[in-house]
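Notes for the one structure printed next.
Every number in this text was worked out from the coordinates using simple rules, so none of it is lab data. On a predicted model such as this, the values are computed, not experimentally measured, just so you know. Cβ placement follows ideal geometry from the backbone for every residue including glycine, while neighbour counts extend to all protein chains displayed.
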Amino acid sequence: MRNATSLLPALAALLLLTACGSEHAGAPGAAASAAPASAVPVDDPPVDGVRITSVTIPSATPSPTPSDYVVHADPLPAADSGISATYEVTNHGTEALTYTILFDFTTDTGAVMGNHYETVRSVGPGATKHGTVRLGAPGPGSNQVGRVKVAQVTKVPAAEAPPAPGECPASGLRLTIDDGDAAMGLRVVGLHLENCGKRDYALDGYPLLELLDEDLAPVHGVRILQGSGGISTGTGFDQPARPLVLKPGESADSGLMWRNLTEFGTPVNVPYVRVRAKQGAAPVTVTPHLDLGTTGKLAVRAWTRPPA
């Protein structure tokens, strides 16, 4: 019969291997986590029909102590700050609108620690829709967030809103705008047209533009120039228009260019532009926020194929 003491090393090794397995929240030695946060009601006034109704900001999670570190072979969940806000969008107009809202996550003194855009589609006249915006993964300063506010609201007719990513409109054409570029007072934004339909689409010339104010009413007194119009050279805006045929899956590019110069007169701001790829095409209303200063000029580039 074996001596019982000879089994002790093997038993100790077995216990050590067992201790090296996965450990989940709530198990002895796991890192402490913050208690679930409660939503705090907010009574800030609405901004252009958008109102934050509550904010959720968890308390800080305690830092782990050395005894909290264990071997963990399981996949870890993506980090999330847990900071969020609920909101509502009410359409006080007479037609269905699609809203794009910029939310700022700020400190109690107003410093912006992060932001997010949310799109709320097809809000009917007199209707209200609800949503939640989340800060997402924690970043520098996210532990200082104390408020969430509506920083900007744009709204366009729902039937003219740019399509959602991956969506092909009934027209078979996906028209979008990029974030643009700015240097020394010169502003350029790109227009992109993709044939996502099943038929060829012919282009020959320039997109047709209608400038709109905050109430989606026409803006007058701005000259729309085909080509650079002397605003800037070497930008490609003076390439002549040529006939194009976009086969399904192909695309074309155009662009808008202006200078933000203020001299004499009243500066002109154009938050919305209604764009038609050509005469008779379905309109799409985009939001380039044209700060034209007092120049009164906007250049448009002919449709061209994108660089290879």
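What does the net charge come to around residue 203 if you take all other residues with beta carbon closer than 13 Å to its beta carbon, with K and R at +1 and D and E at -1? Numbers along the way, then the final one.
Working: positive: 242, 247, 276, 278, 301, 305; negative: 194, 200, 204, 250, 253.
Net charge in that neighbourhood comes out at +1.
Sequence gap at least 6, Cα distance under 8 Å: using those rules, report the relative contact order of the range 122-260 to the nearest whole percent.
For the range 122-260, the relative contact order is 25 percent.
Lysines within cross-link reach of residue 247: Cα-Cα under 30 Å, excluding same-chain residues under 8 positions apart?
198, 278
Over what distance in Å are the Cα centres of the range 112-161 and the range 272-300 separated?
About 25 Å separates the Cα centre of the range 112-161 from the one of the range 272-300.
Taking 7 Å along the Cα-to-C-beta vector as the label spot, tell me the residue 164-residue 186 distance in nanometres, rounded to one decimal.
My value for the distance between the label points is 3.9 nm.
Order the peptides 126-134, 191-199 from the highest to the lowest mean number of other Cβ atoms within 10 Å of their residues. Each step should come with its number before you reach the end.
On the way: 126-134: 13.9, 191-199: 17.8.
Per-residue Cβ counts within 10 Å, averaged per peptide and sorted highest first, yield 191-199, 126-134.
Mind putting together the pair-distance distribution for the range 120-178? All Cα pairs, 5 Å bins, whole percent per bin, short to long.
3, 11, 17, 17, 16, 15, 11, 7, 2, 0
Just in the range 234-308: which chymotrypsin sites (Phe, Trp or Tyr not before Pro) are loop by DSSP and have at most 10 other Cβ atoms within 10 Å?
264
Please get the size of the charge dipole for the range 211-308, origin at its Cα centre, with Cβ charges of +1 on Lys and Arg and -1 on Asp and Glu, quoted in debye to the nearest 20.
Working: 10 positive and 8 negative charges, 99 e Å.
Result for the range 211-308 is approximately 480 debye, rounded to the nearest 20.
Percent of Cα-Cα pairs per 10 Å bin, from 0 to the last occupied bin, for the range 154-308, please list those.
11, 41, 35, 12, 1, 0
Send over the semi-axes of the range 92-231's equivalent ellipsoid, whole angstrom and largest first, taken as the square roots of 5 times the C-alpha gyration tensor eigenvalues.
32, 22, 18
Given a Förster distance of 41 angstrom, what is the FRET efficiency for residue 48 paired with residue 263, based on the Cβ-Cβ distance and rounded to 0.05?
It comes to 0.85.
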